[in-house]
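Please treat every number below as a calculation from the coordinates, not as lab data. Predicted, not measured: the structure shown is a model, and the values here were computed from it. When we count neighbours, we look across all protein chains shown, and the Cβ atoms used for this are built from the backbone with ideal geometry, even at glycine.
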Amino acid sequence: MTVETTPTGILIIIALMAVVTLATRYGGAFVMSFVRISPRIESFINTMASSVLIAIIVPMAFSGDAGALAALATTALTMLIMQRPLPAIAAGILAAALVRLFTG
Amino acid sequence: MSATPYPYQWQPARVRAEFFRLLPISLFVVAFGAAFGLAAVQEGLEPLQALLMSVTVFAGASQFAAVDMWGTEVSLVPLLAVVFAINSRHLLMGASLYPVLRELPPVKRYGVLLLLTDANWAVAAQDYQNGRKNLEVIVGGGLVLWLAWVIGTILGVYFGGLLKDPQALGLDMVLGCFLLAMALGGKKSPRTLVAWGVASAAALAAWRWLPPNIHVVVGALAGGVVGFFWLETGRVAKPRPDPEA
């Protein structure tokens, strides 16, 4: 099914995108409201939560350029040493910018 | 004590504090919003249409993907499938906060979730792992992130040329670095590390061999399976008062 990108068509597309995205924001909590949260389920969702971050970052590192790798490595190192997010993020971004400046 | 079914102690002052806590990262989000606004008008959207999308959808990666598929006609089902796949991580994020969210009455619970996005969720999830319930960051942090995304989009559609190459400044790595810092700042047990290993392997395999945009969900669920079979002992250490108490 195709929709022409007339003003009305675009409005419909945007509205549907908003509905689909809202469904993803609501769906997880909605489904969980029917699940009895046993210790096992809670353990599952806690481990899943910290795995979300890793599942975003690792493929990002593998598909990224040298700058992306430098950013993530620098952030990890700074974070492990200083345990403070803001300097770690700033150092990571700076590393990406520097590597890209010199590798062009 | 009173046995209210919704015992969450909502602190309005903390909403404001969390707004300012995520203000620095939001400045980077402005740059991304500008990049999106520029991409959107280049693909043929009117400025107000791009703005409407940012206001109502508020999910950067999926918006970039959507305008990538733009033309004189748009195939609706593939477009919505991509939007759903990219944003399906929200399903897991919302589910992971449910043990805290259920302490809010449903209307407030789903009001909070309107503003759920990666960065404010990462803070709330990390706080929860460390034994603090923090839904105020979803609202306060979400508001500042949403404002930044909308302001950025406005800048991008009207003054797009200002920031042609956010990559050269490393700005595309802001979210990745932020999420990594959140992950490393959380509690790290042997169980977490095993889950991370499994999640990494599964996410990479899915990214390599499965249809695009589902690797986050695959990796996160695989990591969750580790927690399902490996329960942490000594969990009483976690200060989470029983709602029935």
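What to note about this one:
- Relative contact order computed over chain B (Cα-Cα under 8 Å; 6+ residues apart), in percent: 31 percent
- Per-residue mean of foreign Cβ neighbours for B:23-33 is 1 (Cβ atoms of other chains, 10 Å radius).
- Theoretical ellipticity at 222 nm over the protein assembly as shown - DSSP helices of four or more residues, -39500 (n - 2.57) apiece, nearest 500: -23500 deg cm²/dmol
- Sorting A:73-84, B:149-160 by average packing, meaning the other beta carbons within 10 Å per residue, from highest down gives B:149-160, A:73-84.
- Counting lysine pairs in the protein assembly as shown that sit 8 or more residues apart in sequence, or on different chains, and whose Cα atoms lie under 27 Å apart gives 7.
- In the stretch A:13-104, trypsin sites (Lys or Arg not before Pro) in a DSSP loop with at most 15 other beta-carbon atoms within 10 Å: A:36
- Shielding score for B:83-91, defined as the mean number of other chain Cβ atoms within 10 Å: 6
- Residue mean of other protein chain beta carbons inside 10 Å, B:197-207: 5
- Averaging the sequence gap over all C-alpha pairs within less than 8 Å and six or more residues apart, then dividing by the number of residues, gives chain A a relative contact order of 18 percent.
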